[in-house]
1. Can you run down the residue pairs with Cβ atoms below 7 Å, 6 or more apart or on separate chains, where the first is in region 180-193 and in contact (Cβ under 8 Å) with a residue 12 or more places away in the chain and the partner is of a type in the set (G, A, S)?
2. Condition first: open to solvent by 20 Å² or more (accessible area, probe 1.4 Å), farther than 17 Å from D84 by Cβ and touching a residue at least 40 places away in the same chain (Cβ under 8 Å). Now tell me which residues in region 99-125 satisfy that.
3. Return only the number of the condition from (1) open to solvent by less than 50 Å² (accessible area, probe 1.4 Å); (2) within 17 Å of H94 (Cβ to Cβ) that D128 does not satisfy.
4. So which residues in region 192-203 are in a loop (DSSP other than H, G, I, E, B) and either surrounded by 15 or more Cβ atoms within 10 Å (Cβ to Cβ) or of a type in the set (S, T, Y) (or both)?
5. Looking only at region 49-79, count how many residues are in contact with a Phe, Trp or Tyr (Cβ under 6 Å, 6 or more places away or on another chain) and among the basic types (K, R).
6. Give region 217-256 a look and list any residue that's in a loop (DSSP other than H, G, I, E, B), under 23 Å from C63 (Cβ atoms) and open to solvent by less than 60 Å² (accessible area, probe 1.4 Å), or say none.
7. Does H206 qualify as being part of a loop (DSSP other than H, G, I, E, B) and surrounded by fewer than 15 Cβ atoms within 10 Å (Cβ to Cβ)?
8. Can you confirm whether region 2-14 contains a residue that is under 30 Å from P133 (Cβ atoms) and at pLDDT 95 or above?
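The values are calculated or read from the model by the stated rules, or taken from the named source; none is laboratory data. Every value quoted in this text rests on a predicted model; they were computed, and no experiment measured them. So basically every Cβ, Gly included, is an ideal-geometry build from the backbone, and we count neighbours across all protein chains shown. Note: accessible area is taken over every heavy atom of the protein model, side chains too, but ligands, DNA and RNA are not part of it. Shrake-Rupley method; radii C 1.70, N 1.55, O 1.52, S 1.80 Å.
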Amino acid sequence: MIKFIIGFLLKNFPRSFLQRISKPIFKVITLLYKGDAVFCPICKISLRKFFPYGRKVRENALCPNCLSLERHRLIYLYLKNETDFFNKKLNVLHIAPEQCFIKKFKNSKNLNYTTGDLNSPLADIKMDIHNMPFENNVFDIVLCNHVLEHVKDDILALKEIRRVLKKGGYSILQVPFYHPLQNKTLEDKSITDPLEREKKYGQSDHVRKYGKDYNKRLTSIGFKVDENNYINKLSEDLKTKYGLSKNEIIFIAAKY
């Protein structure tokens, strides 16, 4: 029953609406999930398991306390353990900010943290990723996770991200991949029907399905790309404890 309800909500309600109503509901669920089998490194809570989540529901995926998913916990661990993200003075832009990160990053005194999105009620600035209201060379880091599959022109969006990055800065650019992975990214601007988009791209609000050429799309506009396998540095026990996807690559696009 829970899986059916989650799938129904994700398929039929806008993400902005779900963001508004979800937090108090999941706070109650958190009390029911108390335990010590898994641990969220972002909000530092222990649970007997993570909550199931997704259109095709994944078990052990969502932290009900901070609403982090597998990819968020992996990115957080990478930033904390492999970078100076929490120690150095940095200008950070977070596009389509995830709720699990906002409070943590805003409270980090070393970060000058800006959030922006066209529709999200969580963002500080309403903006179009195709034409961002920032000068050139402003940010040290841009976070942009599971956004590019939604936008009209991902190449233009990537050029904008590169434009606002400082030289030597980088962006974390995660997108969903559906396996088996096709060689070339699938996109067809003539497909506008939500049901057809869900069939072709995995979700009704996606406008492309990325393939093995994703790295080439990033490098085509001048980024130097690191397909970072940080996940492989973690033991199997830690992957289970943190509820991580065991094959997630972190795409880090640097401006030089």
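1. Matching pairs, first to second residue: L181/G211; Q182/G211; N183/G211; K184/G211; T185/G211; L186/G211.
2. Passing the criteria: Q99, N119, S120, P121, L122.
3. (1)
4. Within region 192-203, T192, G202, Q203 meet the criteria.
5. The qualifying residues number 1.
6. Within region 217-256, L234, S235, G243, L244, S245, E248, I249 qualify.
7. no
8. No, region 2-14 contains no residue that is under 30 Å from P133 (Cβ atoms) and at pLDDT 95 or above.
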